[in-house]
Structures are given as structure tokens and as C-alpha cells.
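S.K.: Just passing along the structure, written as C-alpha cells.
The values are calculated or read from the model by the stated rules, or taken from the named source; none is laboratory data. No experiment lies behind these values; they were computed from the predicted model shown. In this analysis, Cβ positions are derived from the backbone assuming ideal geometry, glycine residues included, and neighbour counts consider all displayed protein chains. Remember, those area values only see protein heavy atoms, side chains included, never the ligands or the DNA or RNA. Shrake-Rupley method; radii C 1.70, N 1.55, O 1.52, S 1.80 Å.
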Amino acid sequence: MTTTAPSPGEQLPWHADPYERALRSGRGPLFLRRADGWLLPLDVERWCARADEADRSVLGRCAGSVLDIGCGPGRMVAALTGDGGRALGIDSAPAAVRHTRRLGGPALCRSVFEPLPDEGRWDRALLLDGNIGIGGDPQALLRRVGALLAPGGLLLAEAATAEVEEFCEVCLDDGSGARGPAFPWARCGTGALRRQATAAGWRVLEEWTCAGRRFVALRSATAPRPARPGREAGRAPVAAGCAGVTSPSAADG
């Protein structure tokens, strides 16, 4: 995604052929490629499938209206609306938006940094599948998400599985020579995500792992503290393969 409006004729990274082709086929290979040649595999097959156990651990913590930032092909939006919830996906890739709509989920082809519906009124926001990296500046992204949520709203974010804090330029690469344009990106493990969130004015309510993936629930530090924060966060029962850790800040209200 880009943080500013593109100039005429500019090729946007998530409009590039490698990503479009991967979403059309529902499978990879697809990578984020750094300038030094290092490749990060992207889990296209999981993105294009139905919500899995780890996804459901996030869905169980959703309540009210949900904004899925970088919704990709729409599995989370489809799951939420399929259960009668109110959700909207946003993504800067037209192919992702089309896929989400085919699943029956509402979606807009828009960057999180562009004007969005119902700003300041969303109950939950999602940043999954590495989307904490959007724009290459997690603090700027987190501040923007804070402006989108209603007072007391909750952000459910996914951290990298490794303890990493990285800011770099990457491009999309299909592993066979086709590449998109370079764009800024970031990767944050749980510790880095906590630090970035604290610096951006959030407090950690909960951390949990499920099916090898790591998640953090965040609330704006300026939001009123609920009397029963665990229930307010919509905490789901811990399923097989999932383990939760409640932050001390979640229980100090």
C-alpha cells in the first residue's frame, strides 16, 4: 500500500502482475523480496482459503463493527458477514477487493491512509497477515488506526513469528523472475509490536498464540478502561492449539 496518492501512470505494488496472478490462481509461489535478495514466502493458499483455527481465535474476539485493514482476498470479512456481523474490508489491490466481494463481503479498494467510511466509529480493527508492515512505519499506521476506531475500540494485530524488528524496501516476486515495484515495509515480532504500540499511545490487553501464529490485542491508552476488560475485549475460549497470555495492563482497571 502507499501512504500518498500515486502519480499518474505510477505502478502500485499490490496491483502488480505477481500478486494479481497469485490471487486468481489461489496459490503461490509469491514472496516479498528485499534488495539483498532475501525472500519472505507469502501464504497465498491460506489467504484464499476459509478462516482457519488461528483466524477463528481472532474472530472470537470481534464484536460490533469490524474494519479489516489489508483484507486481501477476504476470508475474515466473509466469515464475519456470514455470521451476521458488520464488517468492511479495505485493500489497495483491485484483485483482492474483487475476490472479497465474490465471497459476499463488502470491500473498498482504498489505502488505510485515504479517507474511509465511519472514521472514529469502528469497534474493532484487524491488522493480520503481516499488515502491521503497511507503509513501512508501524507507529504511523497505529496512530492512523487509532483515529479510525471509536473510543474504547480494539485493534487485533498479528505479529511475526520471529522476534524481529525490521524496516526495509521490498518488492513482490513470484520466484521465477516477475517482480513488482519496490515499496516500504516493516516486520515486527511480538516484542517489537509491543514497543511500537506503546510509543504510538496504545496499551496491550492480551497476547495469544494459535496454530503457530502470534497475536496481540491493543487498546488506545487514552480510551476509558472497562470494568471487565477481558470480557470487553470479546476474549474467546482458548481452543486446542491456542494459548493466551493476559498482559498486566489488561487487568489493572
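S.K.: Consider a paramagnetic label point 7 Å from the Cα of Arg143 along Cα→Cβ; state which residues of the range 174-208 have an amide N under 18 Å from it.
M.R.: Those under the cut-off are 185-186, 193-203.
S.K.: Continuing with this model, one more query. Using only protein heavy atoms and a 1.4 Å probe, report how much of Ser25 is accessible, in Å² to the nearest 10.
M.R.: Taking all protein chains as shown, Ser25 has close to 50 Å².
S.K.: With the crude spin-label approximation of a point 7 Å out along Cα→Cβ, what separation in nm comes out for Ala243 versus Arg195?
M.R.: The answer from the label model is 2.4 nm.
S.K.: Still on this structure, please answer the following. Starting from the Cα-Cα distance between Ala63 and Arg102, subtract it from 0.36 nm times their residue separation and give me the gain in nm to one decimal. Please report the intermediate quantities before stating the final value.
M.R.: Working: separation 39, 0.36 × 39 = 14.04 nm, distance 2.37 nm.
Computed gain between Ala63 and Arg102 is 11.7 nm.
S.K.: Given R₀ = 22 Å, FRET efficiency for Cys168-Asp17 by Cβ-Cβ distance, to 0.05? All intermediate terms of the calculation are to be shown ahead of the outcome.
M.R.: On the way: r = 22 Å, r/R0 = 1.01.
So the FRET efficiency works out to roughly 0.50.
S.K.: So, one more: First select every other residue whose beta carbon is under 15 angstrom from the beta carbon of Ala78; then total the charges, Lys and Arg +1, Asp and Glu -1. Walk me through the intermediate numbers first.
M.R.: Working: positive: Arg46, Arg50, Arg56, Arg75, Arg86, Arg98, Arg101, Arg102; negative: Asp52, Asp55, Asp68, Asp83, Asp91, Asp129.
Summing Lys and Arg as +1 and Asp and Glu as -1 gives +2.
S.K.: Using protein chains only and a probe of 1.4 angstrom, how many square angstrom of Glu169 are accessible, to the nearest 10?
M.R.: Ignoring ligands and nucleic acids, Glu169 comes out at about 110 Å².
S.K.: Give me the Debye-computed log₁₀ of I(q)/I(0) at q = 0.15, 0.17 Å⁻¹ for the range 23-110, equal point scatterers on Cα only, no solvent, two decimals.
M.R.: Result of the Debye calculation: -0.56, -0.70.
S.K.: Hey, any idea what % of the range 98-160's accessible area is carbon plus sulfur with a 1.4 Å probe? Please list the in-between numbers first.
M.R.: Details: 1140 of 2330 Å².
Reported share for carbon and sulfur atoms: 49 percent.
S.K.: Please state the charge dipole magnitude for the range 53-113, taken about the Cα centre, from unit charges on C-beta atoms (+1 on K and R, -1 on D and E), reported in debye and rounded to the nearest 20.
M.R.: On the way: 8 positive and 5 negative charges, 36 e Å.
Its charge dipole is roughly 180 debye.
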